[in-house]
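Working notes for the structure below.
The values are calculated or read from the model by the stated rules, or taken from the named source; none is laboratory data. All values reported here derive from a predicted model rather than from experimental measurement. Cβ placement follows ideal geometry from the backbone for every residue including glycine, while neighbour counts extend to all protein chains displayed. Just the protein is used for accessible areas: all its heavy atoms, side chains included, with ligands, DNA and RNA removed. Shrake-Rupley method; radii C 1.70, N 1.55, O 1.52, S 1.80 Å.
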Amino acid sequence: MSRFVYADNAATTKLSQTALDAMLPWLAEGYGNPSSVYRLGREARRALDQARDQVAAALGAKSEEILFTGTGTEADNWAIRSVAESKKEKGRHIISCAIEHHAVSHTLEDLAKQGFEIEYLPVDECGRVSVEALDAAIREDTILVTIMFANNEIGTIQPIAEIGALARARGVLFHTDAVQAVGHVPVDVAVMNIDLLSLSGHKFRGPKGVGALYVKKGIKLPNFLTGGGQEKGRRAGTENVAGIVGMAAALTEAVQHMDEERAKITALRDKLIQGMTAIPAVKLTGDPVNRLPGNASFVVECVEGEAMILMLDAVGIAASSGSACSSGALDPSHVLLAIGLPHEIAHGSVRLSLGEESTEDDVDYILEKFPGIIAKLRAMSPLWEAKS
Ligand SMILES: *Cc1c(COP(=O)(O)O)cnc(C)c1O
């Protein structure tokens, strides 16, 4: 039997058994349309209501503040585009940061083409934004602060409560892309003064193709999709009942077991970090302290990220690199450049992201295979030869 180690939980997670069990009835006999008035429909409606309560409870929100979406990407688009549209008479200045997910950054680039002024706060070498810099950046015409909760590549967690408190005090709406954080670290929209928050089911062991947007009560946003009356007319389209139920079940489970899972995964992550950084010229990226429990990301000098991923795959390890070979050209990740890494170092990035099903054996296996892979690739590198 060949070995398989899944170390790409930041890309997606395996559906939990609890989520799958919760979904199955709604993919089979519970096929009613939640908008139908007869019993089959009413049962589906009740399942949606319960799912909404569960998602709200996990975030410290009220049920009516949760709107279901198709993906995390959609939630980001809805939040950002809606605030821009509804506040454009007040101002056109939006503050974000340099390491956002493309679901946010490409949306902002699109808004820039429509005449909005986007200010990207820099991050320090750990990937953290400065609350003082944010304070200085907020202006009379600032309509939105959108800063991610935790970064998908390097795992850095932002000072969200401080950012929320500041935005609230300055009277500016605050959106956070919390797709990497929800279900993994404590998130409380009330305590953290969050006005809008995006999440996605498949990042916490729910199904793919379902997400949610939290919108604080009292905030009026334009409807995102027009059509029927679903989601109070704000996001028309027949609801993905099974997906929504599965997402809610996965989130409830994740929040219930968060403390013990966090402790377990963090210990595995730290063992992985220790083993990896013992290899010469391998450095941890992201914040050593304020980081997601499962994220172990590195740059490996004189090695291409893609080459590592392919060689890891050959020995049954699924990982990813921030330096994806897109459209034939090696594009180093904007995140790694923003934390100040030179291009040639950023090319050698690798992200190992652990989850609930990760074991110590997995970590040992990675640490058994990885040094040899790096040595092999470096043996072919003229840069490494010149260096040593
Ligand atoms: C995965 C991810 C998204 C996109 O979520 P989808 O549901 O896959 O569209 C957005 N932001 C971050 C930080 C992510 O990690």
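Can you say whether Ala165 is more than 16 Å from the ligand (Cβ to nearest atom), aliphatic (A, V, I, L, M) and surrounded by fewer than 16 Cβ atoms within 10 Å (Cβ to Cβ), as far as the supplied structure shows? Criteria not met by Ala165. Here is a check on your reading of the model: is Ile154 open to solvent by less than 20 Å² (accessible area, probe 1.4 Å), assigned by TED's automatic domain parsing to the domain that holds Ala98 and within 13 Å of the ligand (Cβ to nearest atom)? Answer is yes for this residue. On inspection, Lys208 passes the criterion of being within 14 Å of the ligand (Cβ to nearest atom), under 18 Å from the mean Cα position of the chain (by Cα) and surrounded by fewer than 24 Cβ atoms within 10 Å (Cβ to Cβ).
Within segment 320-329, identify whether any single residue is modelled with pLDDT of 95 or more and within 24 Å of Gln158 (Cβ to Cβ), and answer yes or no. Yes, segment 320-329 has at least one match.
Of all residues in segment 330-341, which are on the phi < 0 side of the Ramachandran plot and at pLDDT 95 or above?
His334, Val335, Leu336, Leu337, Ala338, Ile339, Leu341
Check segment 225-234 and report whether any residue there is of a type outside the set (A, V, I, L, M) and within 23 Å of the chain's Cα centre (by Cα). There is no residue in segment 225-234 that is of a type outside the set (A, V, I, L, M) and within 23 Å of the chain's Cα centre (by Cα). Residues that are under 16 Å from Phe4 (Cα atoms) and in contact (Cβ under 8 Å) with a residue 12 or more places away in the chain number at least 3 in the following helices (runs of 4 or more DSSP H) confined to segment 287-388: 305-314, 360-379.
A single member of Leu20, Leu15 is away from the ligand (no atom under 16 Å from the Cβ), surrounded by 15 or more Cβ atoms within 10 Å (Cβ to Cβ), touching a residue at least 24 places away in the same chain (Cβ under 8 Å) and more than 28 Å from Asn223 (Cα to Cα), and it is Leu20.
Suppose we filter Ala112, Ala10, Ala57, Ala98 for residues that are more than 16 Å from Gly243 (Cβ to Cβ), away from the ligand (no atom under 16 Å from the Cβ) and within 22 Å of the chain's Cα centre (by Cα); which single one remains?
Sole residue among the options that is more than 16 Å from Gly243 (Cβ to Cβ), away from the ligand (no atom under 16 Å from the Cβ) and within 22 Å of the chain's Cα centre (by Cα): Ala57.
In segment 262-286, what residues are closer than 21 Å to Ala150 by Cβ, in contact with a Pro (Cβ under 6 Å, 6 or more places away or on another chain) and not in a helix (DSSP H, G or I)? None - no residue of segment 262-286 is closer than 21 Å to Ala150 by Cβ, in contact with a Pro (Cβ under 6 Å, 6 or more places away or on another chain) and not in a helix (DSSP H, G or I), so the list stays empty. In segment 211-234, the qualifying residues are those that are basic (Lys, Arg) and at pLDDT 95 or above, and the one that is least open to solvent (accessible area, probe 1.4 Å) is Lys216.
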